[in-house]
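**Q** Could you have a look at this structure, given as structure tokens, before my questions?
We did not get these values from a lab; they are worked out from the coordinates using the rules stated. What you see is a predicted model; the values in this text were computed from it and never measured. Every residue, glycine as well, gets a Cβ built from its backbone with ideal geometry; the counts of neighbours run over all protein chains shown.
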Amino acid sequence: MIKSESLVQEKVNGYFIYVRDLNKAIDMYSKLFGYDVKNEEILFGHLYFMPNGVILDSDEMEGRAIPEWLPVSLKLGTTDIDETRDFVQELGFTVTYGINRGPVVSWFLFKDQDGNTLMMCQDH
């Protein structure tokens, strides 16, 4: 495949996840990814940039209804799908679709307190 010229860089610079309670989201997502919480890094009172490119944003989220359903916003990987399911539940995430075990990949869906849906996958 021949790559065409573009002014847009091919690397995605970040992934926004909109949240209502920024401090609670920082705690949950930091534990999910194994990062230390650094509340001093909150910018403008509503933005938190994580080392992996996830950006938590609470701007104008106060009072908004939590949607019943949102599409998957992040696909994450693990080496142990069963332990990871238990781990995300311990952190306060809700498993919305149990483990689907396929021949090539096993996966499940889970969401945070704001309805953001994430997919966890284990490749075989």
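**Q** What number of residues within the range 114-123 satisfy the criterion of being in a strand (DSSP E or B) and either of a type in the set (Asp, Glu) or farther than 13 Å from residue 74 by Cα (or both)?
**A** 2
**Q** Quick one: which residue in 27, 80, 86 is surrounded by 14 or more Cβ atoms within 10 Å (Cβ to Cβ) and out of contact with any helix residue (DSSP H, G or I) (no Cβ under 8 Å at 6 or more places or on another chain)?
**A** On inspection, the qualifying residue turns out to be 27.
**Q** In addition: Across the range 30-50, what is the total count of residues that are in a loop (DSSP other than H, G, I, E, B) and exposed (fewer than 11 other Cβ atoms within 10 Å of the Cβ)?
**A** Taking the range 30-50 as the starting set, the residues that turn out to be in a loop (DSSP other than H, G, I, E, B) are 34-38, 42, 44-46, 50.
Pick out the ones that are also exposed (fewer than 11 other Cβ atoms within 10 Å of the Cβ) and you get 34, 36, 44-45.
Number satisfying all stated conditions: 4.
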